[in-house]
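Here is the structure we will look at, set down as structure tokens.
The values are calculated or read from the model by the stated rules, or taken from the named source; none is laboratory data. All values derive from a computational prediction rather than experimental measurement. Cβ atoms come from the backbone with ideal geometry, glycine included; neighbour counts cover every protein chain shown. Ligands, DNA and RNA are excluded from the accessible area calculation, which covers all protein heavy atoms including side chains. Shrake-Rupley method; radii C 1.70, N 1.55, O 1.52, S 1.80 Å.
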Amino acid sequence: MIDTLFSGVIHGSAYALVAVGMSLIFGVTNVANFAQGSIVAVGMMVACQLGGMGWGFAPTALVVIAVTGVLGFVMNAIVISPLEGRKPIAALLATIGVGQIIDSSLQLIFGTRTRPFPDLLETYNFQLGGLRFGTSDIVMAITAIVLMAALWAFLTYGKAGQAIRATSQDPDAARQMGVPVGSIRNLSFVIGSVLAGISGIFVGLFNQSVNPMNGGTIGMTAFVAATIGGLGSIPGAVVGGLALGVIEAFGISWFGDGAHDLITFGALLLILILRPQGLLGGRDSVHSEPMTGTFVGEARPLFLPWWGNLLLVAAAVAVPFFASDYISGVGTQVAIYAIAAVGLTLISGLSGQTVLGIAGSIAVGAYAVGILTTRQHLPFLLALLIAGLVAAVVASLLTAPVWKLSGHYVAIATIGVGAVTVAIIRLWTPLTNGSLGISGIPMPRVFGQLLYTQQMQLLLDVIVLILAVAIVSRIHRSQLGATFAAVGADQDAAESLGIRSGAYKALAYALAAFFAGIAGGLLAAQYTYIDPTIFTTTMSTLVLTIIVLGGMNSPLGAVLGSIILIGAPELLRVAADARVIVYGLLLVVIILFRPQGLVVRRRAQ
């Protein structure tokens with residue numbers, strides 16, 4: 001019991017360091033920095049490399065501080081500052097892109113294997129009763145306390161710290177009083193990144209092994225800690241980090257490591273429902289809805305004449321009859337992601353709400369088809385339709401309380417919903433076979449014809465995609481679509497007209513989940529094997545990136561985005577790691593230079 005509590009406090013201290021940096025950045029810039037976990041990974045890998053070369057703890061820590069500090073400055077100066085004045089969703093998505101770039105760059109530099117972390121400090125050289133601990137634990141606890149105290153003193157008494165507080169409270173008023181707001185924001189990113197880098201060293205010492213792919217998980221957990229404490233509240237970040245560390249330690253001790261995501265993101269959803277501003281956050285700590293008044297609100301999709309649409313349909317249907325096995329295999333991936341992305345335009349495009357957990361609905365659809373075809377032996381098309389409906393129902397049930405929230409918390413809650421969905425799938429072993437997944441899923445059989453070739457499966461996917469585009473486009477042009485658009489453009493104005501914005505967002509999300517479930521069902525039938533590791537946050541981010549590229553309110557743009565992001569890298573045989581860098585770069589570049597997307601035009605003023 002005592003050792004579990006001690007482990008939770010130590011791990012929670014690392015979360016607190018990262019969470020404090022996140023809250024500091026959010027408080028000053030109103031930017032939810034999803035790249036913070038990637039900077040933790042930078043600290044881990046730099047420390048691992050230098051420690052392996054024989055460097056001591058102190059010089060290693062100094063280099064990590066320098067590297068991560070510069071990285072934070074560059075991130076803000078090049079990516080975040082140019083987005084000042086735009087809607088918060090722009091910066092939020094940009095930090096996701098930066099995180100993808102950093103994570104993939106680390107994998108290219110250091111490889112993907114897990115490696116032992118060097119003994120920069122002793123880890124188990126003390127014993128007190130039945131509790132074993134090391135110098136690293138003592139140093140980490142002291143470092144966390146000293147850094148928190150120093151940050152408090154700096155913000156309370158330091159001139160630059162007071163400027164940070166003033167900028168956090170009212171940047172316009174601070175600017176009028178002579179505060180260099182731009183420099184203060186740079187300083188906030190530097191401090192936040194340094195805290196993340198230092199945390200990376202201690203995470204490596206605690207875990208005794210590191211992998212460059214672990215940064216996203218650590219960062220997301222720390223983001224949950226910051227949200228539990230209250231985004232923008234530094235004391236809340238400390239409390240949230242320690243609380244989450246202890247909750248995780250006891251939860252994993254009782255239920256096993258497989259319950260980690262359910263515990264972490266379940267706690268997130270619980271706190272968002274019961275106290276959305278967090279334990280120590282104020283009710284006004286989140287200032288604006290990330291996608292209400294969407295940053296592509298001044299744009300509209302390009303609509304083709306009927307004969308143009310007919311030509312596109314004919315060309316798409318013709319492709320499977322002339323494509324090779326390889327091209328058809330790539331095409332199935334393009335079509336599946338496009339189906340999920342087309343549905344997402346209803347909620348993240350029209351209705352103006354960022355969704356970062358759509359992989360959960362894709363997983364539900366995939367498992368529904370896998371279970372219904374292998375155990376119930378239902379016809380494929382019936383199983384596929386049921387999969388879409390099940391995904392919509394599950395998404396609606398899990399997100400029912402979410403639409404009462406406001407601000408960034410809605411986007412954050414969708415992350416939790418996606419993660420909890422996949423965690424439940426992993427733990428529901430009698431139904432889903434747990435981490436082992438479901439194998440032997442039969443190939444699709446349509447009207448008695450077994451689709452045993454890649455070309456046949458591509459033709460099925462293309463037909464489903466055409467139907468999805470037609471249905472979603474019709475919704476876009478309908479009265480329902482106009483209502484979705486009203487909610488997305490100005491939620492307050494819509495509610496003043498009697499529109500129940502929460503109900504319409506829930507409906508838009510259910511429709512998006514339906515198409516995501518259809519995409520997951522097609523994926524399951526064509527993979528013939530699925531397991532929970534397929535349905536990651538990266539998948540959710542990729543679907544969102546697709547519609548950002550093509551135009552968030554354009555179904556045809558979603559198809560083009562999928563062709564570019566999924567098809568082009570495959571056809572060019574770009575390595576998997578480099579491909580994710582391309583995704584991140586495209587996301588950042590598009591947000592900076594063409595936020596309306598490729599298949600969207602700006603409205604005439």
Checklist entry - Over the chain, what is the mean sequence separation of C-alpha contacts under 8 Å (at least six apart), divided by residue count, expressed as relative contact order in percent? => result 21
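Return one whole number: the accessible area per residue of region 116-269 in Å², for a 1.4 Å probe. Present the calculation step by step, with values, prior to reporting the outcome.
Values: 6550 Å² over 154 residues.
Computed with neighbouring chains in place, this is 43 Å² per residue.
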Checklist entry - If you project the alpha carbons of region 109-244 onto the principal axes, what extent comes out on each, in Å, largest first? => result 56, 39, 26
Item to check | Built amide H within the under 5 Å cut-off of residue 117, gap 5+ | outcome: 209, 210
Checklist entry - Which whole-angstrom value gives the distance between the alpha carbon centres of region 310-343 and region 444-498? => result 16
Item to check | Additional length obtainable on full extension of the chain from residue 3 to residue 393, 0.36 nm per residue less Cα span | outcome: 136.2 nm
Next on the checklist: Let me see the P(r) profile for region 1-58: every Cα-Cα distance counted, bins of 5 Å, each bin given as a percent of all pairs.
Outcome noted: 4, 15, 17, 16, 18, 16, 10, 3, 0
Next on the checklist: Given the options 429, 196, 511, identify the residue whose Cα lies farthest towards the positive end of the charge dipole of the chain (+1 on Cβ of Lys, Arg; -1 on Cβ of Asp, Glu).
Outcome noted: 511
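Computed FRET efficiency, Cβ-Cβ of residue 463 and residue 400, R0 30 Å: what is it to the nearest 0.05? Each step should come with its number before you reach the end.
On the way: r = 33 Å, r/R0 = 1.11.
Efficiency, from the Cβ-Cβ distance: 0.35.
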Checklist entry - Convex hull volume of the Cα atoms in region 1-103, per residue, in Å³? => result 123
Checklist entry - With the other protein chains left in place, how much accessible area per residue, in square angstrom, belongs to region 16-97 at a 1.4 angstrom probe? => result 28
Checklist entry - Could you give the angle, 0 to 90 degrees to the nearest 10, between helix 159-169's Cα long axis and the longest principal axis of the Cα atoms of the chain? => result 30
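Subtracting the Cα-Cα distance from 0.36 nm times the residue separation, let me have the gained length for residue 253 to residue 445 in nm, one decimal. Please report the intermediate quantities before stating the final value.
Numbers: separation 192, 0.36 × 192 = 69.12 nm, distance 4.51 nm.
Gain on extension, residue 253 to residue 445, equals 64.6 nm.
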Checklist outcome for this item: In degrees rounded to 10, the 0-90 angle between helix 537-550 Cα long axis and the longest Cα principal axis of the chain is 60
Next on the checklist: Return the Rg/Rh ratio of the chain with Cα-based radii and a Kirkwood Rh.
Outcome noted: 0.98
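So what's the net charge close to residue 255: Lys and Arg +1, Asp and Glu -1, counting the other residues with Cβ under 15 Å from its Cβ?
Details: positive: 426; negative: 248, 257, 261.
Neighbour charge sum, excluding residue 255 itself: -2.
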Item to check | region 57-131: projected area of the alpha-carbon convex hull, averaged over directions, in nm² | outcome: 8.4
Item to check | 0 to 90° range, to nearest 10: angle between helix 325-344 axis and the chain longest Cα axis | outcome: 70
Item to check | Pair residue 77, residue 162: separation of 7 Å Cα→Cβ label points (nm) | outcome: 2.8
Item to check | Highest average packing first - 140-149, 442-451, Cβ atoms within 10 Å | outcome: 140-149, 442-451
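What FRET efficiency do you get for residue 474 and residue 122 if R0 is 60 Å and r is their Cβ-Cβ distance, rounded to the nearest 0.05?
For residue 474 and residue 122, the calculated efficiency is 0.35.
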Item to check | Protein accessible area in the chain, 1.4 Å probe - carbon and sulfur % | outcome: 67
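Could you compute the FRET efficiency for residue 495 and residue 326, with r as their C-beta to C-beta distance and R0 at 56 Å, rounded to 0.05?
E(calc), rounded to 0.05, equals 0.65.
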Next on the checklist: Suppose all protein chains stay in the model; what accessible area per residue would a 1.4 Å probe give for region 532-572, in Å²?
Outcome noted: 27
Next on the checklist: If packing is taken as the average count of other Cβ atoms within 10 Å, what order do 552-563, 473-484 fall into, highest mean first?
Outcome noted: 552-563, 473-484
